[in-house]
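See structure below.
The values are calculated or read from the model by the stated rules, or taken from the named source; none is laboratory data. Every value quoted in this text rests on a predicted model; they were computed, and no experiment measured them. Every residue, glycine among them, receives a Cβ derived from its backbone with ideal geometry; neighbour counts consider all protein chains shown. Please note that ligands, DNA and RNA were not included when accessible areas were found on the heavy atoms of the full protein model with its side chains. Shrake-Rupley method; radii C 1.70, N 1.55, O 1.52, S 1.80 Å.
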Amino acid sequence: GFPGNPGLKGARGESALSYLSAFSVGLSELLPPTNTPIRFNKFFYNDQRHYDDVTGKFHCVLAGVYFFTYHLTVYTKDARVSLYKNDKPVMFTYDQYQESNVDQASGSIILKLQAGDKVWLQIFGEEEFGGVYADNTNDSTFSGFLLYPDMSVAARRR
Amino acid sequence: GFPGNPGLKGARGESALSYLSAFSVGLSELLPPTNTPIRFNKFFYNDQRHYDDVTGKFHCVLAGVYFFTYHLTVYTKDARVSLYKNDKPVMFTYDQYQESNVDQASGSIILKLQAGDKVWLQIFGEEEFGGVYADNTNDSTFSGFLLYPDMSVAARRR
Amino acid sequence: GFPGNPGLKGARGESALSYLSAFSVGLSELLPPTNTPIRFNKFFYNDQRHYDDVTGKFHCVLAGVYFFTYHLTVYTKDARVSLYKNDKPVMFTYDQYQESNVDQASGSIILKLQAGDKVWLQIFGEEEFGGVYADNTNDSTFSGFLLYPDMSVAARRR
Ligand SMILES: [Ca+2]
Ligand SMILES: [Ca+2]
Ligand SMILES: [Ca+2]
């Protein structure tokens, strides 16, 4: 007999575009308190709602490699800030303040996260308020996004 | 009869890679004027030509979620800079200058854009020239790239 | 006789997600020397090992468009830093230091790289040590990641 028909065309390759996670938020209070997550309440982008402004934490829903960056206005006193991953500070930014010399301090980091991990910024220090500041013409911001999803985890999700 | 030949290999997965938009530019004049888009004329990357150095604006061609970041040298006076989206300032950076203390100020933001949207940086203030500076060994830069294309729009483009 | 069975289904299409390159590193010595690549020895992420802490250089393995960013603590003296691509400085950051006023300086750039290209940070100046600093609660960092692989090169790799 004749040979059979050709097989079906293979499945479409894996898309990178099903895996979205990004947030970009700003400070809306003048001087956030120390030793607790900074709560950013001004939203530039948070469509997936992975940043929670009640806790002040980014909640990782999609396992993978993430980029985070922050830009802080230093005013009234020195700024000492840590980026936390799950209750552990992993990166530190320090900028001294002098009168009439408002400064900007910033940081960036790439971290591999599991679903359920949390990432946030926190001011440390003895005093009740740190030196991180924002007002109507002066932002302090925190942004992050998924660079590469963990495909071994993504495969199990399908 | 014999089985048919294997089917063709599947199509390439929908890739984020068909959707390129990135620019990275630097200031080449010493002190740009206030209240008009800063025109960056030094090109680190602009292959898609989505940044227009004549207008000083990034022109969004591919709808989607974008990341923007800038790093400015603060010299001669205080720097007050806004990031604009379509004639509206959406983010503000302020850094005070003091003599013999050149500073660096920076910002980052994630924004969802439609095709035709424009994004740029602008110095505000009463004076003719602001405190943003660059020279041969001292850059002030503006960069941005497409994080995630808007696939509902992308599907209509195919 | 009857025709044979249909052929096997074709192979899955190429994935967009096979192209990973990212690193995020911090300084672990107090004051790195001038006129040689800064060696960052604290690893936040380097799974592909494209950043080499022995040479202090990022080694491009996958041709494409990359984003790089750095955030440096300015302490003890003025900081003058260049980002190098293959022995040529392509971007410069300058921040002056004044006593009791630790500062932060940062930069970002997007560059198109070929496999084999190297990218690093270097302090310039007459003195043996520059003004870039880090300690246990004060990071200086360098991060980068592949934004878009060069698909013409990627196709040849298959
Ligand atoms: Ca300042
Ligand atoms: Ca300074
Ligand atoms: Ca300072």
- Message: Looking only at residues that are away from ligand 2 (no atom under 16 Å from the Cβ) and farther than 17 Å from B:SER108 by Cβ in the range A:101-119, which one is nearest to the chain's Cα centre (by Cα)?
- Response: A:LYS118
- Run down A:GLY107, A:GLY131 and say which single residue is under 18 Å from C:HIS71 (Cβ atoms), open to solvent by less than 40 Å² (accessible area, probe 1.4 Å) and within 12 Å of ligand 3 (Cβ to nearest atom). A:GLY131
- Message: open to solvent by 50 Å² or more (accessible area, probe 1.4 Å), out of contact with any helix residue (DSSP H, G or I) (no Cβ under 9 Å at 6 or more places or on another chain) and on the phi > 0 side of the Ramachandran plot: which single residue out of B:THR76, B:THR36, B:THR55 fits that description?
- Response: B:THR76
- Task: Output the qualifying pairs, or none if there are none: Cβ atoms under 6 angstrom, residues six or more apart or on different chains, first residue in the range C:83-98 and among the small types (Gly, Ala, Ser), second residue part of a loop (DSSP other than H, G, I, E, B) and more than 16 Å from ligand 3 (Cβ to nearest atom).
- Result: none
- Item | Checklist (1) small (Gly, Ala, Ser); (2) away from ligand 1 (no atom under 16 Å from the Cβ); (3) over 30 Å from B:PRO6 (Cβ atoms) applied to A:GLY4, failing item | (3)
- Message: Could you check the range C:85-130 and list, in sequence order, the residues that are under 30 Å from A:GLU99 (Cβ atoms), part of a loop (DSSP other than H, G, I, E, B) and more than 16 Å from ligand 1 (Cβ to nearest atom)?
- Response: C:GLY125, C:GLU127, C:GLY130
- What about C:GLY116, is it more than 12 Å from chain B (Cβ to nearest Cβ) and among the small types (Gly, Ala, Ser)? yes
- Item | Among the candidates C:TYR70, C:TYR148, C:TYR66, residue that is touching a helix residue (DSSP H, G or I) at 6+ places or on another chain (Cβ under 7 Å), part of a strand (DSSP E or B) and touching a residue at least 40 places away in the same chain (Cβ under 8 Å) | C:TYR148
- Task: State which residue pairs qualify: first residue within 14 Å of B:ALA22 (Cβ to Cβ) and inside the range B:52-63, second residue among the small types (Gly, Ala, Ser) in any location, beta carbons under 7 Å apart, and separation of 6 or more residues or different chains.
- Result: B:PHE58/B:GLY144; B:CYS60/B:ALA115; B:CYS60/B:GLY116; B:VAL61/B:SER21; B:VAL61/B:ALA115; B:LEU62/B:SER21; B:LEU62/B:ALA115
- Item | Test set (1) more than 16 Å from ligand 2 (Cβ to nearest atom); (2) touching a residue at least 40 places away in the same chain (Cβ under 8 Å); (3) out of contact with any Phe, Trp or Tyr (no Cβ under 8 Å at 6 or more places or on another chain); (4) not hydrophobic (A, V, I, L, M, F, W, C) - B:ASN41 fails condition number | (2)
- Of the residues in the range C:81-100, those that are within 16 Å of ligand 2 (Cβ to nearest atom) and either surrounded by fewer than 16 Cβ atoms within 10 Å (Cβ to Cβ) or within 7 Å of chain B (Cβ to nearest Cβ) (or both) come to C:PHE92, C:THR93, C:TYR94, C:ASP95, C:GLN96, C:GLN98, C:GLU99, C:SER100
- Query: Does B:PHE68 satisfy being under 22 Å from A:ASN136 (Cα atoms), under 12 Å from the mean Cα position of the chain (by Cα), more than 9 Å from every other protein chain (Cβ to nearest Cβ) and open to solvent by less than 50 Å² (accessible area, probe 1.4 Å)?
  - Reply: yes
- Qualifying residues in the range C:71-80 (those that are within 16 Å of ligand 3 (Cβ to nearest atom) and of a type outside the set (A, V, I, L, M)) - the one nearest to the other protein chains (Cβ to nearest Cβ): C:HIS71
- Hey, any hits in the range B:6-18 for a residue that's among the basic types (Lys, Arg) and within 13 Å of another protein chain (Cβ to nearest Cβ)? yes
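Residue by residue, here is whether (1) within 23 Å of A:ALA105 (Cα to Cα); (2) in contact with an Asp or Glu (Cβ under 7 Å, 6 or more places away or on another chain) holds:
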| site | (1), (2) |
| --- | --- |
| B:PHE44 | no, no |
| B:LEU62 | no, no |
| B:LEU83 | yes, no |
| B:MET91 | yes, yes |
- Just give me the residues in the range A:119-143 being of a type outside the set (Val, Ile, Thr) and within 7 Å of another protein chain (Cβ to nearest Cβ), in sequence order. A:ASN138, A:ASP139, A:SER143
- Task: Report yes if C:TYR66 is away from ligand 2 (no atom under 16 Å from the Cβ) and either out of contact with any Ser or Thr (no Cβ under 8 Å at 6 or more places or on another chain) or closer than 16 Å to C:THR34 by Cα (or both), otherwise no.
- Result: no
- Message: I'm trying to understand the selection: among the residues of the range B:17-33, which are surrounded by 18 or more Cβ atoms within 10 Å (Cβ to Cβ), of a type in the set (Gly, Ala, Ser) and over 22 Å from B:PHE124 (Cα atoms)?
- Response: B:SER21, B:ALA22, B:SER24
